[in-house]
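Here's the structure we're looking at; comments come further down.
The values are calculated or read from the model by the stated rules, or taken from the named source; none is laboratory data. Computed from a predicted structure; not experimentally measured. As a convention, Cβ positions derive from the backbone with ideal geometry for all residues, glycine included, and neighbour counts pool all protein chains shown. For accessibility, only protein heavy atoms count, side chains too; no ligands or nucleic acids. Shrake-Rupley method; radii C 1.70, N 1.55, O 1.52, S 1.80 Å.
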Amino acid sequence: MSSDRTAICQCILDKVRARGPEKTICPSEVARELGGEDWRSLMPLIRSIGAELVESGDIQVTQQGKIVDPLDVKTPFALGYGKSHERWMRVYQKTEVILLNFLQGLIYKS
């Protein structure tokens, strides 16, 4: 069983990224991967690390599609992309538009 905070943090982020921006993961997926048969004992630590990742903007915690505080919610919740990812995506999309406009300008000049 791995209760290493870094491993848990990395596992959460890896699973959220792998699932994609429109989907979420269940914290128990992380616990089961890292904890084996004793996965339930990891859930409080995963909740705590999830709260830290929410605070940093790396992920968000949702319950029935609504953003919630991971330390306040008592029933099942999900982890997904956070505000920092949303900001990055907006910058990426703007950059993509600028690049496409530039390339179209080069093609039309040829």
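The label point for V68 and the one for Q104, both projected 7 Å from the Cα toward the Cβ, are 4.4 nm apart. Both radii come from the Cα set of the stretch 1-62: Rg as radius of gyration, Rh as Kirkwood radius; their ratio Rg/Rh reads 0.94.
Taking 14 Å as the cut-off, the amide N atoms of the stretch 1-39 that come nearer than this to a point 7 Å along the Cα-to-beta-carbon line of E96 belong to 21-22. Residues in the stretch 36-84 average 59 Å² of solvent-accessible surface per residue, probe 1.4 Å, ligands and nucleic acids excluded.
Here's how it looks for G82: its modeled amide H is under 5 Å from those of I59, Q60, which are all 5 or more places away or on a different chain. Note on L13 and S41: with the Förster distance fixed at 30 Å, the Cβ-Cβ geometry gives a FRET efficiency of about 0.90. Surface composition of the stretch 21-85: carbon and sulfur make up 51 percent of the accessible area, probe 1.4 Å.
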